[in-house]
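The values are calculated or read from the model by the stated rules, or taken from the named source; none is laboratory data. A quick note: this is a predicted structure, and the numbers were derived from the prediction, not measured. Glycine also receives a Cβ, built like all others from the backbone with ideal geometry; neighbour counts cover every protein chain displayed. What goes into the accessible areas is simple: the full protein's heavy atoms, side chains included, and nothing from ligands, DNA or RNA. Shrake-Rupley method; radii C 1.70, N 1.55, O 1.52, S 1.80 Å.
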Amino acid sequence: MNGLLYEMVKGLSELRLGFKGELTMSEVMEDMAKCLYSEKLPMWWVKLGFASTRPLRSWRISLQERYQQLDDWINDPLNIPKVVDISKLFNPQSFLTAIKQLCCQN
């Protein structure tokens, strides 16, 4: 997820500089601008993130919810939530495996 967020910030910053005329627009930047204009995900973000058929706005909201869930766990790692939204996990299989191992240890 960190790689995805880094590339999003980097790409959008470069695109902003390109629109200002401070940076030469590359083909990648033009593709990103077209995707953003048409409410589609840039292919590079899909490769780094999670597959989705949602439009850009809905995908961004889902990404923010995923980030918030992970941030909550990082801030309080000893508090295991009673309910987990598995659809917000990047790799739910590893989470389920960890839960099974924890239950078997007890």
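Here are a few things to note about the model shown:
- Count - residues of segment 38-58 that are without any contact (Cβ under 8 Å) to a residue 40 or more places away in the chain, surrounded by 12 or more Cβ atoms within 10 Å (Cβ to Cβ) and assigned to a loop (DSSP other than H, G, I, E, B): 7
- Where Lys34 falls short, out of the listed (1) open to solvent by 70 Å² or more (accessible area, probe 1.4 Å); (2) part of a loop (DSSP other than H, G, I, E, B): (2)
- Residues that are farther than 26 Å from Met8 by Cβ, part of a helix (DSSP H, G or I) and open to solvent by 80 Å² or more (accessible area, probe 1.4 Å) within segment 59-106 comprise Lys100, Gln101, Cys103, Cys104, Gln105, listed in sequence order.
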